[in-house]
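Asker: First the structure, then my questions, so here it is.
The values are calculated or read from the model by the stated rules, or taken from the named source; none is laboratory data. Keep in mind that this is a model prediction, so the values were computed, not measured. Cβ placement follows ideal geometry from the backbone for every residue including glycine, while neighbour counts extend to all protein chains displayed. Protein only, heavy atoms only, side chains kept; ligands, DNA and RNA dropped before computing areas. Shrake-Rupley method; radii C 1.70, N 1.55, O 1.52, S 1.80 Å.
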Amino acid sequence: MELNQLTIHELQEKIKNGETSAVKITESVFQRIDAVEERVHSYIRLLKDEALVAAAIADENIKKGQIKPLTGIPIALKDIVCTKGIPTTCGSHILHNFIPPYDATVVEKLRDAGAVFVGKANMDEFAMGSSTETSYFGPTRNPWDLERIPGGSSGGSATAVAADECIASIGSDTGGSIRQPAALCGVVGLKPTYGRVSRFGLIAFASSLDQIGPFTKDVEDCAIMMNVLAGFDTKESTSVQAEVPDYCQFIGRDIKGWKIGIPKEYFIEGIDPEVNAAIQKAIGVIEKCGGKCVEISLPHTQYCLAVYYIIAPAEASSNLARYDGVKCGFRTSDARDLLEMYKKTRMHGFGAEVKRRIMIGTYALSAGYYDAYYGKASQVRALIKKDFEEAWKKCDVILTPTTPTPAFKIGEKTDDPLQMYLSDIFTISTNLAGIPGISVPCGFTAAGLPMGVQFLAGHLEEGKLIQIASAYEKNAQIEKRRPKL
Amino acid sequence: MKLSSKEVEYVARLARLEITDNETEKFTAQLNDILGYIDKLNELDTTGVAPMSHAIAVTNAFREDKIIDSIGTDKSLANAPDGRGEFFRVPKVID
């Protein structure tokens with residue numbers, strides 16, 4: 001095994017035993033990037049020089065015995081989190097030259113924990129998409145089949161981990177943008193409870209849904225990353241003031257006696273037969289671990305997507321009003337007055353999907369339509385949240401497929417936005433209710449494409465998710481494969 | 001069709017987006033598809049349901065009323081397409 005293929009906890013062991021160094025690990029990651037990046041395109045920007053300097057500093061700290069949870073570990077950052085002095089584009093032309101004057105809180109926390117930043121990962125423009133095809137910088141490809149999409153919007157963060165172009169990465173999840181690409185690329189992805197991880201310095205898409213979380217090679221690494229990321233932040237007004245447990249304590253514990261809810265509404269027509277078979281197998285594994293699976297109902301599931309496609313675009317149309325060619329980013333050179341400057345800057349600065357969502361959101365919030373659309377969606381959102389509150393009376397954790405199908409072909413759904421939106425059908429409810437969810441690899445299709453199983457729990461119960469995901473991972477014995485690149 | 005191309009042009013004006021005739025046509029069809037799907041919410045009777053705007057119970061987060069460091073004018077203007085002195089410069093608003 002090469003160093004870049006190892007997990008955080010395996011590398012920590014080697015660092016502590018003096019078997020390797022941060023510089024060697026970082027070099028091994030960049031060798032891999034040199035070999036495969038041209039085909040996969042995980043990154044918008046690589047930070048090789050900065051990474052080697054950070055790794056050298058890490059090695060000095062290691063010599064002094066100062067080893068923190070991520071000392072010398074190469075991490076990729078989705079290009080939606082602000083990095084001081086390093087361009088942060090959000091996958092958009094309108095921010096192609098934006099250089100943040102500050103770091104996002106998660107960036108500060110990762111740096112304080114000793115992480116080495118490899119680069120800024122590719123993403124759908126403003127995180128709007130399920131395939132990483134809407135990036136201004138070109139699509140990312142699925143390392144398991146280069147003709148297919150990696151999922152989105154955090155596609156680059158997922159492929160960088162799957163293709164061993166980093167050890168772990170950071171993504172953001174507004175309707176499934178961590179869990180869906182994690183499933184389609186065969187890695188672990190966690191969306192924490194709304195408010196568990198600070199959004200300060202995360203470029204806003206839909207502020208009541210956005211949440212930052214990790215992509216990792218296994219569940220233990222997910223726990224290590226959450227220990228670093230989680231916690232209250234005075235700079236963020238929706239940050240939750242609650243104690244953060246040591247998530248590593250949940251690794252390796254059993255789940256005997258747990259009740260696992262299987263929501264019947266998630267086993268719909270149109271779910272791929274291979275995905276369905278893999279999920280049935282996962283249910284069997286959970287029962288072997290001592291979990292008791294019970295059928296539950298989340299009756300408003302069929303309305304989640306419609307609610308999401310009002311709330312998210314409405315919030316986005318408001319959040320993206322700030323990109324006007326005045327304060328930062330791209331400005332058209334061809335305008336006679338201020339109004340024309342706004343309109344042309346936004347015309348040339350945004351891509352088609354972003355414009356489409358700004359249009360939906362503006363319409364849904366416009367005079368005469370607000371109650372019919374935004375008001376109605378906010379009411380149904382309350383019903384969706386209540387579905388989960390009822391469910392927790394019957395079960396500890398919910399198990400569902402992460403996605404209805406394995407990765408689809410590049411270009412297959414770009415002309416049909418509604419079909420594209422349907423690929424997030426199993427992940428959206430989590431964001432609407434604000435609860436945490438994790439996707440864990442659950443096998444491969446006959447064609448060799450990865451699939452994921454999703455576990456959901458109540459507010460602030462990430463520990464439960466790590467516990468069941470770790471028990472599942474240990475007992476499922478999913479074959480360890482690496483993409484052939 | 002619920003939305004006419006005229007309404008799409010009106011929404012684009014509200015959003016300060018210039019769109020081409022081609023885009024108007026495409027958006028009209030796509031927005032109608034999406035809004036048609038969203039209409040499914042009207043199957044539900046939501047009389048008396050309190051709208052939800054946040055996933056968790058949050059109250060206003062106040063910090064202590066003390067002056068803390070801010071990023072300052074230079075850094076605030078550093079990313080401006082046209083920053084001069086202490087100002088953001090824009091094309092003229094009135095003749």
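Asker: Quick check: with the 1.4 Å probe, what order do A:347, A:341 take by accessible area, largest first?
Answerer: Putting A:347, A:341 in descending order of accessible area: A:347, A:341.
Asker: Under 18 Å from the Cα of residue A:109, which lysines turn up, not counting those fewer than eight places away in the same chain?
Answerer: A:68, A:78, A:84, A:120, A:191, A:235
Asker: Placing +1 at every Lys and Arg Cβ and -1 at every Asp and Glu Cβ, with all other atoms neutral, what dipole size does the protein assembly as shown have around its Cα centre, in debye to the nearest 20?
Answerer: My answer is approximately 480 debye.
Asker: Report the net charge of residues surrounding residue A:115, where surrounding means a beta-carbon distance below 11 angstrom and charges are Lys +1, Arg +1, Asp -1, Glu -1.
Answerer: +1
Asker: Provide a whole-number value for the mean count of partner chain Cβ atoms within 10 Å of the Cβ atoms in peptide A:355-361.
Answerer: 6
Asker: Taking the Cα centre of the range A:3-251 as the origin and placing charges on Cβ (Lys, Arg +1; Asp, Glu -1), which of A:140, A:86, A:33 is farthest toward the positive end of the dipole?
Answerer: A:86
Asker: What is the dipole size for the range A:182-266, taken about its Cα centre, with +1 at each Lys and Arg Cβ and -1 at each Asp and Glu Cβ, in debye to the nearest 20?
Answerer: 240 debye
Asker: Among the trypsin sites (Lys or Arg not before Pro) in the range A:391-485, which ones are in a DSSP loop with at most 14 other Cβ atoms within 10 Å of the Cβ? Mind listing them?
Answerer: A:393, A:394, A:480, A:481, A:484
Asker: In nm², what is the average projected area of the convex hull enclosing the Cα atoms of the protein assembly as shown?
Answerer: 27.0 nm²
Asker: Run through the range A:216-275 and list the GluC sites (Glu not before Pro) located in a DSSP loop whose Cβ has at most 11 other Cβ atoms within 10 Å.
Answerer: Filter output for the range A:216-275: A:243, A:269.
Asker: Quick check: Cα centre of the range A:178-192 to Cα centre of the range A:393-460, how many Å?
Answerer: 8 Å
Asker: Shifting gears a bit: So what's the back-of-envelope 222 nm ellipticity for chain A, counting only DSSP H runs of four-plus at -39500 (n - 2.57) apiece and dividing by all residues, rounded to 500? Kindly include the intermediate steps, with their values, before the conclusion.
Answerer: On the way: 15 runs with 179 residues, N = 485.
The per-residue figure over chain A is -11500 deg cm²/dmol.
Asker: Can you list residues from other chains, or at least 5 along the same chain, whose modelled amide H is less than 5 Å from the amide H of residue A:397?
Answerer: A:259, A:261
Asker: Please work out the ratio of the alpha-carbon Rg of the range A:238-296 to 2.2 N^0.38 Å and round it to two decimals. Walk me through the intermediate numbers first.
Answerer: Details: Rg = 15.7 Å, N = 59, 2.2 N^0.38 = 10.4 Å.
Its radius of gyration relative to the 2.2 N^0.38 Å reference: 1.52.
Asker: Using DSSP to define loop residues, name the chymotrypsin sites (Phe, Trp or Tyr not before Pro) in the range A:23-125 whose beta-carbon has at most 16 other beta-carbon atoms within 10 Å.
Answerer: Answer by residue number: A:102.
Asker: Towards the positive end of the charge dipole of the protein assembly as shown, with charges on Cβ (+1 Lys, Arg; -1 Asp, Glu), say which of A:247, A:184, B:27 has the farthest Cα.
Answerer: Of the options given, the answer is A:247.
Asker: How many lysine pairs in the range A:281-359, separated by 8 or more positions in sequence or lying on different chains, have Cα atoms less than 21 Å apart? Walk me through the intermediate numbers first.
Answerer: Values: A:281/A:292; A:327/A:343; A:327/A:344; A:327/A:355; A:343/A:355; A:344/A:355.
Lysine pairs satisfying the spacing and distance rule in the range A:281-359 number 6.
Asker: Under 10 Å, Cα contacts only: if you run a Gaussian network model on chain B, which one of B:80, B:57, B:12 comes out with the highest mean-square fluctuation?
Answerer: B:80
Asker: Please tell me the relative contact order of chain A in percent, rounded to the nearest whole number, where contacts are Cα pairs under 8 Å and at least six residues apart.
Answerer: Working: 1165 pairs, mean separation 84.9, N = 485.
Computed value for chain A: 18 percent relative contact order.
Asker: Pop the C-beta distance of residue B:75 and residue A:96 into the FRET formula with R0 = 30 Å and round what comes out to the nearest 0.05.
Answerer: 0.95
Asker: Rolling a 1.4 angstrom probe over the protein chains, ignoring ligands and nucleic acids, what is the accessible area of residue B:54 in square angstrom, nearest 10?
Answerer: For residue B:54, the solvent-accessible surface is approximately 70 Å².
Asker: Going by Cα centres, the range A:302-357 and the range A:102-175 are how many Å apart?
Answerer: That distance is 22 Å.
Asker: Near residue A:396, within a Cβ-to-Cβ distance under 10 Å, what is the net charge of the other residues, with Lys and Arg +1 and Asp and Glu -1? Display every interim value, and only then the final one.
Answerer: Working: positive: A:259, A:292, A:394, A:464; negative: A:461.
Once all neighbours under 10 Å are counted, the net charge is +3.
Asker: Just going by the charge dipole of the protein assembly as shown, with Lys and Arg at +1 and Asp and Glu at -1 on Cβ, which of A:270, A:107, A:401 is farthest out on the positive end?
Answerer: My answer, from the dipole projection, is A:107.
Asker: Enter the mean number of other protein chain beta carbons within 10 Å of the beta carbon of each residue in A:97-110, as an integer. Mind dumping the intermediate values first?
Answerer: Numbers: counts 2, 1, 3, 3, 7, 2, 0, 0, 0, 0, 0, 0, 0, 0.
Taking the mean over all residues of the peptide, I get 1.
Asker: Would you mind giving the mean number of other chain beta-carbons within 10 Å of the Cβ of each residue in A:122-132, as a whole number?
Answerer: Other-chain Cβ atoms within 10 Å of each residue's Cβ, averaged: 0.
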